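What follows is a single structure, written as structure tokens, with notes after it.
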Amino acid sequence: MEDPARLSREYQLAVLQHQHDLIDLTLYQVRANRPRRRRGERRRRNWVRPWIGRRRQFGMYDQLMVELRNEDHASFTNFLRMSPAMFDELLSIVGPRITKQYTFYRDPLEPGMKLALTLRPLASGNKYASMKFGWRVPHNTQSLVVREVCQAIIDEYVDEVLVCQSTPEGWRAIADKFFQRWNFPNTCGALDGKHVACRCPPKSGSLYFNYKGFYSIVLMALVDADYKFIWADIGGTGSASDAQIYNSCELKECVEDGTLGFPDTEPLPNDNQDVPYFFIGDDAFALRPTMMKPYSHRGLTNEQRIFNYWLSRARRVVENAFHPPVVGLLDVPDDGVLAKEIAHDLLFFNIKTKRCLLGPLSLGKGWLRRCPRCTRGVGTCIISIRG
């Protein structure tokens, strides 16, 4: 009869040997799946480049911005399009969302630097490659930081700003603003599309290649009389026209089935004939009872020329509302466009104080212009994301 103790020891040894074989097999698989170093590829010389490690001594955030804050508030506002008080208030709101934990690896970027790195390219249009030397932050890190901060701003303000406008009183208030400011009655918003440049998505062919000669996503937006976005559709391919995107979006569907809450038809000022409320657009859109467009440019009468002038004057708000997209942010079409567009629009307003965060000047189409929205309240938005 065999010894039970010896059998137990043999069984334990067999189990340990089996576990050892499993560990060896796992290590072999890890080594086999590890990407091999390319021939001639060098190892990294530094964990952090020495000049980047001296960020606190010579970086723009810890040196220049401190001097501007203490000595020249006007230059600080010109640098970030935001006063120091507004910068601190925005930082206190989004700071907890963008703060990283300190570990025994490299120290994380401060929340204030992240916010400044986001505001600076939005205000000036600078590229990451040119900013990395002054700020001493690599360009790839900047691209991640801007995405993170924009998303944090959206998460903080989305419940306060993005409120659906679905009542006749709300649309009538927008129409009254258009009539008071642009002398165009019964107008519930100006509609247009904006091509946001992107990298060509894989296996997409010419689907995102637009008529301007680059790959893009179309941002279709509806703007009120105060240059504020009240609806946006993101995800249209660059090869599609504005009319195609509008015909397939939810805005047209809601307008036609009556769920959008448009007011009933009313006569124009100094007239007794009922006219429906409508959006205004350019020649790309089809003429509908809820869409007004200019007359064709051929054979115009004097009255038609005057009508085109007033319609184009009112429709100009949507052209001026679009700002230049930040270069290098978008790799593939996704809701990242929404994050950047809304984040930039949210920076104009302080939700609590109803004051303009960017001060009296705002950046639009690459030039400085007087901001028409500093004395206005916060708008409402309807957002739809396409696929």
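Structure summary
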read-out	value
Subset of the stretch 280-305 that is surrounded by 12 or more Cβ atoms within 10 Å (Cβ to Cβ) and outside any loop (DSSP other than H, G, I, E, B) - its residue that is nearest to the chain's Cα centre (by Cα)	ILE280
Elements of type helices (runs of 4 or more DSSP H) in the stretch 77-173, at least 1 residues being touching a strand residue (DSSP E or B) at 6+ places or on another chain (Cβ under 7 Å) and in contact (Cβ under 8 Å) with a residue 40 or more places away in the chain	111-124
Check on VAL30, modelled with pLDDT of 90 or more, outside any loop (DSSP other than H, G, I, E, B) and either of a type in the set (Val, Ile, Thr) or surrounded by 16 or more Cβ atoms within 10 Å (Cβ to Cβ) (or both)	no
Within the stretch 75-101, tally of residues that are aliphatic (A, V, I, L, M) and crowded, with 19+ Cβ neighbours inside 10 Å	6
Matching option when the condition is buried (at least 16 other Cβ atoms within 10 Å of the Cβ) and either farther than 26 Å from ASN46 by Cα or among the charged types (D, E, K, R) (or both), among LEU109, LEU68, LEU117	LEU68
Inter-residue pairs, beta-carbon under 7 Å, first hydroxyl-bearing (Ser, Thr, Tyr) and in the stretch 294-318, second in a helix (DSSP H, G or I), 6+ apart	TYR295/GLN304; TYR295/PHE307; TYR295/ASN308
Qualifying positions in the stretch 221-243 - more than 17 Å from VAL196 (Cβ to Cβ) and touching a strand residue (DSSP E or B) at 6+ places or on another chain (Cβ under 9 Å)	ASP224, ALA225, TYR227, LYS228, ILE230
Those residues of the stretch 189-217 which are of a type outside the set (Lys, Arg) and either under 14 Å from GLY281 (Cβ atoms) or not assigned by TED's automatic domain parsing to the domain that holds TRP171 (or both), in sequence order	GLY189, ALA190, LEU191, ASP192, GLY193
ARG172 vs. criteria surrounded by fewer than 19 Cβ atoms within 10 Å (Cβ to Cβ), touching a helix residue (DSSP H, G or I) at 6+ places or on another chain (Cβ under 9 Å) and either on the phi < 0 side of the Ramachandran plot or hydrophobic (A, V, I, L, M, F, W, C) (or both)	no
Any chance VAL66 is modelled with pLDDT of 90 or more and among the aliphatic types (A, V, I, L, M)	yes
Some residue of the stretch 183-200 being touching an Asp or Glu at 6+ places or on another chain (Cβ under 7 Å), aliphatic (A, V, I, L, M) and surrounded by 22 or more Cβ atoms within 10 Å (Cβ to Cβ)	no
Subset of the stretch 236-258 (residues that are in contact with a helix residue (DSSP H, G or I) (Cβ under 8 Å, 6 or more places away or on another chain) and touching a residue at least 60 places away in the same chain (Cβ under 8 Å))	GLY236
Of all residues making up the stretch 237-254, the number that are in a helix (DSSP H, G or I) and of a type in the set (Val, Ile, Thr)	1
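Yes or no, residue by residue, for (1) aliphatic (A, V, I, L, M); (2) at pLDDT 90 or above; (3) farther than 30 Å from SER206 by Cβ:
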| position | (1), (2), (3) |
| --- | --- |
| LEU222 | yes, no, no |
| ALA240 | yes, yes, no |
| ILE245 | yes, yes, no |
| LEU251 | yes, no, no |
| PHE278 | no, yes, yes |
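The values are calculated or read from the model by the stated rules, or taken from the named source; none is laboratory data. Please read these numbers as outputs of a predicted model, since none were measured by experiment. Counting neighbours? That spans all protein chains shown, and the Cβs are built from the backbone with ideal geometry, glycine included.
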